[in-house]
Amino acid sequence: MIHELLGSDPLTGWTMPQLKKRLGASKYEVLAQIERERRRGFPICQTRHVWERYYLADNKKHFETFVKHYRADTRRAVRSLDYLEAILTNWKGTKIT
């Protein structure tokens with residue numbers, strides 16, 4: 001299981017390429033396993049920079065902060081998706097000026 005590989009230090013967490021190689025799985029298989037383990041109650045977090053590193057929260061406050069940032073990122077992504085869908089629905093061609 002992924003949570004068994006992870007420590008609580010974000011700086012030494014596992015990147016997706018590392019997890020893929022270690023587990024012999026695709027990115028989507030790793031993400032599905034992370035989701036299953038979160039569903040089972042493991043506080044798996046990820047850093048927010050380009051090379052996301054996966055790690056375990058070491059206390060409730062740490063996990064609350066991760067969830068707060070994750071929620072904000074998700075809301076931004078949903079707003080962007082709404083804008084993209086509106087553009088697609090009203091597509092009139094590319095307007096480059």
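Per the conditions (1) surrounded by 14 or more Cβ atoms within 10 Å (Cβ to Cβ); (2) closer than 13 Å to M1 by Cα; (3) without any contact (Cβ under 8 Å) to a residue 24 or more places away in the chain, the sole criterion not satisfied by F66 is (2).
Sort out which residues of the stretch 37-46 are surrounded by 12 or more Cβ atoms within 10 Å (Cβ to Cβ) and under 15 Å from M1 (Cβ atoms), and write them in order of number. If the condition is that a residue be surrounded by 12 or more Cβ atoms within 10 Å (Cβ to Cβ) and under 15 Å from M1 (Cβ atoms), then E37, R38, F42, P43, I44 are the ones that fit.
Taking the criterion of being small (G, A, S) and either assigned to a loop (DSSP other than H, G, I, E, B) or over 14 Å from the mean Cα position of the chain (by Cα) (or both), the residues of the stretch 31-66 that qualify are G41, A57. Whenever a residue of the stretch 12-30 is touching a residue at least 24 places away in the same chain (Cβ under 8 Å), its partners that are polar (S, T, N, Q), lying with C-beta atoms within less than 8 angstrom and at least six residues away or across chains, give the pairs G13/Q46; G13/T47. If you filter the stretch 76-97 down to residues that are part of a loop (DSSP other than H, G, I, E, B) and not aliphatic (A, V, I, L, M), you find that the one that is farthest from I34 (Cα to Cα) is T97.
Output the number of residues of the stretch 18-30 satisfying the condition of being surrounded by fewer than 11 Cβ atoms within 10 Å (Cβ to Cβ) and either closer than 18 Å to T74 by Cβ or over 14 Å from the mean Cα position of the chain (by Cα) (or both). Write out each step before concluding.
Quick first cut of the stretch 18-30, residues surrounded by fewer than 11 Cβ atoms within 10 Å (Cβ to Cβ) only: 24, 26, 28.
If we keep only those that are either closer than 18 Å to T74 by Cβ or over 14 Å from the mean Cα position of the chain (by Cα) (or both) as well, we get 24, 26.
Final tally of qualifying residues: 2.
Taking the stretch 25-64 as the range and being more than 13 Å from P10 (Cα to Cα) and modelled with pLDDT under 95 as the test, only V50 passes. For the stretch 1-17, which positions are of a type outside the set (D, E, K, R), farther than 20 Å from D73 by Cα and in a helix (DSSP H, G or I)? Selection gives I2, H3, L11, T12, P17. Screening D73 on (1) in a helix (DSSP H, G or I); (2) at pLDDT 95 or above; (3) not aliphatic (A, V, I, L, M) shows it passes everything except condition (2).
The values are calculated or read from the model by the stated rules, or taken from the named source; none is laboratory data. Just so you know, these numbers come straight off a predicted model, no measurement behind them. FYI the Cβ positions are ideal-geometry reconstructions off the backbone, even for glycines, and counts take in every protein chain you see.
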